[in-house]
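The values are calculated or read from the model by the stated rules, or taken from the named source; none is laboratory data. In this text the structure is predicted, and so the values were computed from the model without any measurement. Quick reminder, even Gly has a Cβ in these numbers, built from the backbone with ideal geometry, and neighbours come from all protein chains shown. Please note that ligands, DNA and RNA were not included when accessible areas were found on the heavy atoms of the full protein model with its side chains. Shrake-Rupley method; radii C 1.70, N 1.55, O 1.52, S 1.80 Å.
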Amino acid sequence: MPAEIAAIERLLKAGKSKVQRNKLWEQICAENGVGQVIGRDIHFSPDDKQRLRDYIRAEHGVDPQYDSRAGGRMVMARQNASEKLSRDSVFGHLLVMATAGTTKLRVNGADVRTPHGSVLSVLPEYLDTGHLRSGKLVIVENGGLMPFWADLRLPDSWKNSVILYRGHRENARAVLEIASDQPADKLAWFFDFDPAGQAFALGQGRGSTLVPQNWREFGGHTPFNQPKTHRNQVSALKRFKARVNGELLAIAEHMASEELALMQEHMVLRHVQLEAIAIDGRAMAIAPD
């Protein structure tokens, strides 16, 4: 809807982190599982804003941060040419990466691995993307998980993977380019295990989504389930169910019956074993590395 696009576009292009609370923004936040109400305002984290950007891009085919319906990218370039970077974009152009298992990154001609508890920040132009395409790539939504990448319980065939934060400013564009060049059978996305998260994963259009392997064991009884979050995602659940078949459709129906919403950080903290399911709903049939 135009009002929804315009509201998110104004937020992102102005570089703001809060908006005045109103019915439109309450609806946007409820459907996407973002925002924190403080007084009369709704506050957004960098990850919240990236989720809103992904939502508009997936649902409406425009990028609300950089596309402009009144002048195009050149207008944005003229507006931003003389502006100083905001405080939260000092490192916004760097890719945040880690290496799981035995995999390595190739940066500026050198092979690199990240020890547990560390990440690597890389200028996109120094990353050997050809080498990256030869292995598995897992893109995570929540940047706060990156220091704890070693706690991700990846499927056997994904244990030797590069872990990449999807970004939330300039680096988000570089991540999209990397993802678009990555072979689909070597690309996976890790989002929240709730209707909005899985709808976003499907919106990426290719690769696989990482979900709990024993997803049927999670439900309303799960201590870290967030049923209130689930109830606020009615439209996202409809989008999710309308786009899937096979195992993903079974997951959508299970989410609906159990009011299921599991956040990434809780799954990682509790070492939940993950499985990879292709975006089209078929389980990935890839031999272990």
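If you wrap a convex hull around the Cα atoms of region 184-253, how much volume per residue is inside, in Å³? Don't skip to the answer; put the middle values down first.
Details: hull volume 6.3 nm³, N = 70.
Expressed per residue, the convex hull around the Cα atoms of region 184-253 is 90 Å³.
Using heavy atoms of the protein chains and a probe of 1.4 Å, the accessible area assigned to Glu170 is about 50 Å².
Counting Lys and Arg as +1 and Asp and Glu as -1, what is the net charge of the other residues whose Cβ lies under 15 Å from the Cβ of Arg239?
-2
Legend: residue pairs Lys23/Lys228; Lys159/Lys228; Lys13/Lys186; Lys18/Lys228; Lys23/Lys49; Lys23/Lys238, Cα-Cα distance threshold 25 Å; pairs beyond threshold, Lys159/Lys228; Lys13/Lys186. Taking all protein chains as they are arranged and a probe of 1.4 Å, the heavy atoms of Tyr55 leave approximately 20 Å² accessible to solvent.
With a simple spin-label model that places each label point 7 Å from the Cα along the Cα-to-Cβ direction, the separation between Arg106 and His93 comes to 2.5 nm. Paramagnetic label reach from Asp156 (point 7 Å along Cα→Cβ; backbone nitrogen cut-off under 19 Å): within region 214-256, residues 214-215. Only the Cβ atoms of Lys and Arg (+1) and of Asp and Glu (-1) were treated as charged; on that basis the dipole of the chain about its Cα centre amounts to roughly 700 debye. Taking only protein heavy atoms and a 1.4 Å probe, the accessible area of region 184-289 is 50% carbon and sulfur.
Straightening the chain between Ala242 and Arg21 buys 76.5 nm, computed as 0.36 nm per residue apart minus the Cα-Cα spacing.
Probe of 1.4 angstrom, ligands and nucleic acids ignored: what's the accessible area per residue over the chain, in square angstrom? It would help to have the intermediate numbers written out before the result.
Numbers: 13800 Å² over 289 residues.
Normalised by residue count, the accessible surface of the chain is 48 Å².
With bins 10 Å wide beginning at 0, the percent of Cα pairs of region 170-286 falling in each bin runs 14, 46, 32, 7, 0. Working from label points 7 Å from Cα in the Cα-to-Cβ sense, the Gln36 to Asp128 distance is 4.2 nm. Heavy-atom accessible area of Glu125 with all protein chains present, probe 1.4 Å, nearest 10 Å²? Glu125 exposes around 130 Å² with every protein chain in place.
Where only DSSP H runs of four or more residues are counted, the chain gives -11000 deg cm²/dmol as its mean residue ellipticity at 222 nm, each run worth -39500 (n - 2.57). Does the chain come out rounded, prolate or oblate by the C-alpha gyration tensor, with a ≥ b ≥ c the root eigenvalues, rounded set by a/c under 1.5 and, if not, prolate when a/b is larger than b/c and oblate if not? Oblate, since a/c reaches 1.5 and b/c is not below a/b. Can you work out the FRET efficiency for the pair His221 and Phe148, with r the C-beta to C-beta distance and R0 = 25 Å, to the nearest 0.05? Rounded to the nearest 0.05, the efficiency is 0.45.
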